[in-house]
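Chemist: For reference, the structure I am asking about is given below.
Derivation of every value follows stated rules applied to the coordinates shown; laboratory data play no part. Being a predicted model, the structure only gives us computed values, none of them experimental. No Cβ is skipped: glycine too gets one built from the backbone with ideal geometry, and neighbour counts run over all protein chains shown.
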Amino acid sequence: MKLPHLVIYTDRLPGGVAGAANGPLVRTRPAYRSDAGLHAHEYRHVQQWYLASVMTALLLAVLVLVCGGVQGTLLALCPAALASHSLAYLLWPRYRLWAEVDAYRVQMRYGLSLDVAAVRLASPVYGLGLTPARARALLL
């Protein structure tokens, strides 16, 4: 079963980027409409977003219950759960590295070569400071 998400084809993306997932919204350049590997890569980010959102919501629910909070408090914290993946990706390079390695491994199942994946992962766009050799080792 596919998780609900929306794919929009647009060239309104940062330079050097073929696609981007923000929560359940995926933006992909029209030139990559038939690239199953890219779609799988971005869908993996959608899955990561859902997982982080659910896990954060459960953690917040437990904290509210343990600390004697009320349901209204939990409802007020729901946006934090929805933003958890995006914030972690933006703020923690280690999380961003995990997310991209995971997504590139999925994309490689669709024919993306290890060498090309390593060069892309080492791109300055991710701000990870990786060399292609280090990225290659992480993708193995």
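Chemist: Return the pair list, or none, for Cβ contacts closer than 8 Å from residues in the range 12-36 that are of a type in the set (Ser, Thr, Tyr) to residues that are surrounded by fewer than 14 Cβ atoms within 10 Å (Cβ to Cβ) and in a loop (DSSP other than H, G, I, E, B), at least 6 apart or on different chains.
Modeler: From residues that are of a type in the set (Ser, Thr, Tyr), the pairs are THR28/THR10.
Chemist: Let me ask you something else. Among the residues of the range 89-135, how many are among the polar types (S, T, N, Q) and surrounded by 14 or more Cβ atoms within 10 Å (Cβ to Cβ)?
Modeler: Residues of the range 89-135 among the polar types (S, T, N, Q): 107, 113, 123, 131.
Checking which are surrounded by 14 or more Cβ atoms within 10 Å (Cβ to Cβ) leaves us with 107, 123.
Residues in the range 89-135 being among the polar types (S, T, N, Q) and surrounded by 14 or more Cβ atoms within 10 Å (Cβ to Cβ): 2 in total.
Chemist: Checking the condition over 16 Å from the mean Cα position of the chain (by Cα) and hydrophobic (A, V, I, L, M, F, W, C), which residue from LEU82, LEU75, LEU97, LEU25 passes? Outline the logic, then answer.
Modeler: Details: LEU82 fails: over 16 Å from the mean Cα position of the chain (by Cα); LEU97 fails: over 16 Å from the mean Cα position of the chain (by Cα); LEU25 fails: over 16 Å from the mean Cα position of the chain (by Cα).
Of LEU82, LEU75, LEU97, LEU25, the one residue that is over 16 Å from the mean Cα position of the chain (by Cα) and hydrophobic (A, V, I, L, M, F, W, C) is LEU75.
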